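The values are calculated or read from the model by the stated rules, or taken from the named source; none is laboratory data. On a predicted model such as this, the values are computed, not experimentally measured, just so you know. When we count neighbours, we look across all protein chains shown, and the Cβ atoms used for this are built from the backbone with ideal geometry, even at glycine.
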Amino acid sequence: MIVEGRVQIPFRYAAGAAASRFGAALRDERRILGARCTGCDRVLCPPGPFCGSCGGAAGAAVEVGPGATLLAWTELPDRGAFALVRLDGADGALAHRLVDVPEPRVGMRLRARFAPERGGDIRDIEGFGAEGIER
Amino acid sequence: MRAGDRPAVAIAGVGQAGPVAADSRSIPEMVLAAVEEALADAAIGFDGVEAVVTASVDLFDGLTASNVAITEVVGAVMRPETRIAGDGLCAAIHGACELRAGACETVLAVAHGKASMAPHWALTEWAMDPVFLQPLGIDFLVCAGLQACALAQGDGGATERWAELAARRAAAGDAAIAPPRSAAEILASPVLASPLRRGMAAPLGDGACAVVLRAAAGGPGEAPVRIAGAGWDLEPHSPGERDLARWHGLERACARAGLDRTDPGLELAEPSCLFAHEEELFRAAAGIGEEAPLSPGGGLFAGTAPHVAGLSRLIACARAIRDGAARRALAHGAWGPAGQAHAVAVLEAW
Amino acid sequence: MSAVAIIGTGQTRHASRRDDVSQPELVREAAEAALADAAVGPDEVDAVLLANMELFEGRALPELWAGAGAFAAGKPCMKVATGGTSGTSGCIAAFHQVAAGLFDLVLVVGFEKHSEGHSQTGMALTDPFWDRAVASGALGNFALSISQYVAERGATAEQAALVAVKARRNAARNPHAHLRMGDLTVEEVLSSRMLADPVRLLDMCPQSDGACAIVVASAAAARRRSRRPAWVLAAETRHEQPYIGDIDRRLVTMRTLRDAARVAYRRAGIGDPLTDLDVAEIYEPVSYAELAWYEALGFCADGDAGRLVEEGVTGMEGELPVNPSGGVLSSNPVGASGVIRVAEAALQIHGRGGERQVEGARLALATGYGVYAWADAVVLGAEAGAT
Amino acid sequence: MTAGAIAAEPLGVACPMDLGWRYASGAAMERFLAGLRERRIEALRCDGCGRRYLPPRPLCGDCRLPLDRWVPVAAAGTLEAWSVYRLPILDGRTGEPRPTPYGIGLVRLDGADTTINHLLAETDPGRLRIGLRVRAVWREELRGALDDILHFEVAR
């Protein structure tokens, strides 16, 4: 016998210092703030919480993007496309959504698309679209 | 973990339930079947078990402290039990640590998982960074697609090769969960996460594994298989902070297990590859050429269950050594997005 | 088990909300503090063990995300989750991995951010066929067992309130503690809001955000790096039947804790725990449980626990100070709570307890409690024993 | 932790969970639940220690022997532990707080040796004590679930 059990719980996760700064800049200024690693000076975007190379913490804010280069992408039925992009000025890569790019090519130039309604987190970027095409 | 002055760890018994697409049994019933088989194989009863290490993950079981559901069927009432939330191979490796530490003489290592309970990939979203990744809907499947894309760059024949590999593996297995398909059928199967097609992923179902480990001072008379080395590793979480085209974590885990990258004595490898492309990452990281038999029984493509995979690979290696098919074998477990975490155990005939 | 020792401890400031940090950042705070205390660099750590009850925050495999906070990237890392015993069991897992000869230095970090989820709801995600429809979490389960304990052993609300007052007053001397109430009185406890008869608000532990870390070292590394290692003399775990209704008068009998303690005492050469132990850090999620644990741990005869707290035997100036840290009653980040018990016991051996130091502590007990009646007992000493 | 030049208010990310799992009851629990639909309660008796177990399960944890001997159990028994629960907590099954206060108890049903954790109709602590006789109050439309018993009431 199979019984279905449903669970509904509203979770909310603290973003932490660097990610809060990142969220506030997106929300208020449509700017993308990476962070300089306190250990090795790499520019992290997403900003943290810790550097993948040296484990250092996200430090001073560094503006990156909104231009970016496509490193990898994947498309899922009914779920859209996702991309790994390197924002201009960043050393790490950001995983996000790929929007309105009919023929993605690794190495192509992309640009962040900001959401019209912004709440202060990563979703304030709707995704990355082809460079030069503003909605 | 390498051989030293501490007790050797023998694999005294193994048992398995499933994998099947959907086991109508409850989790404890399924686990008990695997445990009873392992105890019988080791020719001991529950009284012969001194300590238990289990592997399971609450969210995947839909149950808080989900090892509470199996306490009595693993014989852990009034005994020490530790639950590692991760791949089942970790339960065996940690059990081996307890034996080498001299904490006890016999350990039962158990893992279970039921993919039939919930859409598996949707659950994995809750294992992703909830600040930067989960809100975008990025789960383990998305990460596998990104990794496959990174691997396929400048490699025109990649998808055909993966389809052939998946077809070969699936044909070697007993097709408990999904029917085997030809490479052409796999290439024509629906997209899972491009460039991966559905047939390039191992079929997920329900199953449990149990292994009896024993501190063995003597030698081959006590048990025919011993754990000669073990290692594990965690890579950075964010796929953007990793080289997706290499399993560096597995390289480090193998080194810790005392495995030379071109180990000539390795006669079998049983990797936990949920996707066809991962087998290429595995070979490169573990330094395994085409000559060493790899997943002769189909590996995970014969069907697998969440968090059970690594322990099932250890059982496959142990059985091959007992059957005389290999004298030295590598069992592998993996968890996390795009192979973020790895564990390996080197098994040897005694 | 070959000798292992704790050479450093560190913890966060525990609070009802730590909105200022993410889970990995919370973990980092404790990890950095423990490594600094042990004078160990992050690169010198061989392996990491995490302890956390992930579903309370809706997470799965949280080491994947939060592990980097414990400097785990590029290192071996496992995660232990066994309810309230997660922290003590995580420490014990590290003892075993070091004693196995695999590693010289292992960092253990327990953490929980209750504020990000609904822990009482999470705790009530019990068996869907049996008690999910009726379960009322840790508070409900304790209230039920307390009714049996009170009826059988005659413990009073005043005695329980004395435990609550002792904990919060001790916590006032612990800069990390969540509830620091140096002036709390028995009357205030007895007039606080009833949550589940007979458990009042101030009888119960808080839900905290926090993390705690220890550095576990092999004998050689401990001797090289620490002037005063806290040696692990014994570490025992016992699990129980799966449902609360299976366990006959849970708090009265508590056979898991009794057995784990009995074996741990034997291994550590302890005859009479009340006189032999210098300090104890026990996992008491509710005031009444501390009384029950005194009896299970052999600090007194069954039925005599109330007297210990009335006479101050377990107070800071008593024969056996229990929970100088303020205990779980003062700080309860679940996955960290067991690590805190072990860390606070080690801190006493290290002689670094500050205002909460028990003078000359050389033998310390730490316990864990989880799910319905799972128990861990760890004995630490200033001298390496022959275990 | 080094903060950047711009200090921002601490932000958070909301991730509402709405997940469903399909739980397999297993054979013993299925028989037990089917019994409830006919107001029949059965326990499993261990051949080793004689303990009669509710809920049904595959194995006696103490004796480590398989359980397959069913014994009848009454829908009435003795209150072995009680409380009145007053803290409104979120019910994960509905996402809504559970109404308070409500009585909770461990009930040893006649014919069983373990106790059932269930709800009590009585919410006055002055009227509750260990040893009271209680009986199950059944739901009108039985569904084959433990909450076919709505709660236990004090037998007067």
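Computed values, structure above
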{"quantity": "Pick from the stretch C:57-71, criterion farther than 15 Å from B:Ala127 by Cβ and of a type in the set (A, V, I, L, M, F, W, C), ranking: farthest from the other protein chains (Cβ to nearest Cβ)", "calculated": "C:Ala70"}
{"quantity": "Conditions (1) in contact (Cβ under 8 Å) with a residue 24 or more places away in the chain; (2) under 26 Å from C:Ile146 (Cα atoms): number failed by C:Ala234", "calculated": "(2)"}
{"quantity": "Failed criterion for C:Ser218 (all others in (1) hydroxyl-bearing (Ser, Thr, Tyr); (2) in contact with a Phe, Trp or Tyr (Cβ under 9 Å, 6 or more places away or on another chain); (3) under 30 Å from C:Asp131 (Cα atoms) hold)", "calculated": "(3)"}
{"quantity": "Top-ranked residue of the stretch B:31-57 - restricted to ones that are within 18 Å of the chain's Cα centre (by Cα) and within 26 Å of C:Phe56 (Cα to Cα), ranked as surrounded by the fewest Cβ atoms within 10 Å (Cβ to Cβ)", "calculated": "B:Val57"}
{"quantity": "Only listed residue being hydrophobic (A, V, I, L, M, F, W, C), closer than 23 Å to B:Gly154 by Cβ and either free of Cβ contacts under 8 Å to residues at least 24 places away in the same chain or touching a Cys at 6+ places or on another chain (Cβ under 7 Å) (or both), chosen from A:Leu110, A:Leu76, A:Leu94", "calculated": "A:Leu94"}
{"quantity": "Scope the stretch A:31-43; condition touching a Cys at 6+ places or on another chain (Cβ under 6 Å) and in a strand (DSSP E or B); matching residues", "calculated": "A:Gly34, A:Cys37"}
{"quantity": "Unmet requirement for A:Arg118, which otherwise passes all of (1) under 18 Å from A:Ser20 (Cβ atoms); (2) touching a residue at least 24 places away in the same chain (Cβ under 8 Å); (3) crowded, with 20+ Cβ neighbours inside 10 Å", "calculated": "(3)"}
{"quantity": "Output for the stretch B:169-196, where each listed residue is touching a Ser or Thr at 6+ places or on another chain (Cβ under 9 Å), without any contact (Cβ under 8 Å) to a residue 60 or more places away in the chain and not hydrophobic (A, V, I, L, M, F, W, C)", "calculated": "B:Arg181, B:Ser194, B:Pro195"}
{"quantity": "Considering residues of the stretch B:285-299 that are part of a loop (DSSP other than H, G, I, E, B) and touching a Leu at 6+ places or on another chain (Cβ under 6 Å) only, the residue surrounded by the most Cβ atoms within 10 Å (Cβ to Cβ)", "calculated": "B:Ala292"}
{"quantity": "Residue count for the stretch D:50-74, restricted to those that are small (Gly, Ala, Ser) and either crowded, with 17+ Cβ neighbours inside 10 Å or at the interface with chain B (Cβ under 10 Å from one of its Cβ atoms) (or both)", "calculated": "1"}
{"quantity": "Residues satisfying the stated conditions in the stretch C:171-197, i.e. within 14 Å of another protein chain (Cβ to nearest Cβ), among the hydrophobic types (A, V, I, L, M, F, W, C) and touching a residue at least 40 places away in the same chain (Cβ under 8 Å)", "calculated": "C:Leu195, C:Ala196"}
{"quantity": "Flag for C:Ala135 being more than 9 Å from chain B (Cβ to nearest Cβ) and more than 20 Å from the chain's Cα centre (by Cα)", "calculated": "yes"}
{"quantity": "Spans of strands (runs of 3 or more DSSP E) in the stretch B:44-152 with at least 1 residues touching a residue at least 12 places away in the same chain (Cβ under 8 Å) and within 7 Å of another protein chain (Cβ to nearest Cβ)", "calculated": "B:81-84"}
{"quantity": "Every pair of residues 6+ apart whose Cβ atoms lie under 8 Å, when the first sits in the stretch D:93-115 and is farther than 14 Å from C:Gly140 by Cβ and within 14 Å of chain A (Cβ to nearest Cβ) while the second is among the hydrophobic types (A, V, I, L, M, F, W, C) and assigned to a loop (DSSP other than H, G, I, E, B)", "calculated": "D:Arg93/C:Ala133; D:Pro97/D:Ile89"}
{"quantity": "Selected residue (criterion: farthest from the chain's Cα centre (by Cα)) from residues of the stretch D:113-142 that are surrounded by 20 or more Cβ atoms within 10 Å (Cβ to Cβ), assigned to a loop (DSSP other than H, G, I, E, B) and among the β-branched types (Val, Ile, Thr)", "calculated": "D:Thr114"}
{"quantity": "Filtered residues of the stretch C:233-252 (kept if part of a loop (DSSP other than H, G, I, E, B) and farther than 19 Å from D:Val107 by Cα)", "calculated": "C:Glu240"}
{"quantity": "Number of positions in the stretch A:49-76 that are part of a loop (DSSP other than H, G, I, E, B) and either closer than 22 Å to A:Leu110 by Cα or more than 8 Å from every other protein chain (Cβ to nearest Cβ) (or both)", "calculated": "4"}
{"quantity": "Exclusive hit being closer than 26 Å to D:Thr100 by Cβ and either in the same structural domain as C:Trp65 (by TED's automatic domain parsing) or not in a helix (DSSP H, G or I) (or both), set C:Val150, C:Val134", "calculated": "C:Val134"}
{"quantity": "Any hit, the stretch C:40-48, residues being out of contact with any Asp or Glu (no Cβ under 7 Å at 6 or more places or on another chain) and at the interface with chain B (Cβ under 10 Å from one of its Cβ atoms)", "calculated": "yes"}
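Quick grid of which residues meet (1) within 14 Å of another protein chain (Cβ to nearest Cβ); (2) closer than 21 Å to C:Ala222 by Cβ; (3) of a type in the set (Ser, Thr, Tyr):
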site	(1), (2), (3)
C:Glu317	no, no, no
C:Gly326	no, no, no
C:Val334	yes, no, no
C:Val342	no, yes, no
C:Ala345	no, yes, no
C:His350	no, yes, no
C:Gly370	yes, no, no
C:Val379	no, yes, no
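Yes/no matrix, rows are residues, columns are (1) at pLDDT 95 or above; (2) more than 17 Å from the chain's Cα centre (by Cα); (3) closer than 30 Å to B:Glu81 by Cβ:
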| site | (1), (2), (3) |
| --- | --- |
| D:Cys49 | yes, yes, yes |
| D:Tyr53 | yes, no, yes |
| D:Leu67 | yes, yes, yes |
| D:Ala76 | yes, no, no |
